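First comes the structure, then the notes that go with it.
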Amino acid sequence: MKRNTRKPEQLYVTMAKAICYIREHVGEQPDAATIAKAVGMSVSRFEHAFTEWVGTPPKRFLAYVTKEQ
């Protein structure tokens, strides 16, 4: 099994890109697989890392952003 070798700084940048992607595509309601692909991660690793870094799962974050609109 290959472990993720991204450094914390890289994950920070990747999660920032994911947040930007979600905000830019909120009207399309992208799923985790689409967002993960956009930032170059597997779905499972993306969901885990996003929840760890942002403090909420991607689906819930998308709901917050949608509500803001």
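The values are calculated or read from the model by the stated rules, or taken from the named source; none is laboratory data. Being a predicted model, the structure only gives us computed values, none of them experimental. Virtual Cβ from ideal backbone geometry, glycine too; neighbours counted across all protein chains shown. Surface accessibility is based on the protein's heavy atoms, side chains included, excluding ligands, DNA and RNA. Shrake-Rupley method; radii C 1.70, N 1.55, O 1.52, S 1.80 Å.
Can you find a residue that is over 11 Å from the mean Cα position of the chain (by Cα) and among the aliphatic types (A, V, I, L, M) anywhere in the stretch 33-45? Among the residues of the stretch 33-45, not one is over 11 Å from the mean Cα position of the chain (by Cα) and among the aliphatic types (A, V, I, L, M), which makes the answer no. Scanning the stretch 54-69 for residues that are surrounded by 17 or more Cβ atoms within 10 Å (Cβ to Cβ) and aromatic (Phe, Trp, Tyr) yields a single hit, Phe61.
Residues in the stretch 3-53 that are in contact with a Phe, Trp or Tyr (Cβ under 8 Å, 6 or more places away or on another chain) and open to solvent by less than 80 Å² (accessible area, probe 1.4 Å): Leu11, Met15, Ala18, Ile19, Ile22, Pro30, Ala32, Ile35, Ala36, Ala38, Val39, Phe50. Pairs linking a residue in the stretch 34-60 that is under 14 Å from Leu11 (Cα atoms) and among the acidic types (Asp, Glu) to a residue that is open to solvent by 60 Å² or more (accessible area, probe 1.4 Å) and assigned to a helix (DSSP H, G or I), with Cβ atoms under 9 Å and 6 or more positions apart or on different chains, are Glu47/Lys59.
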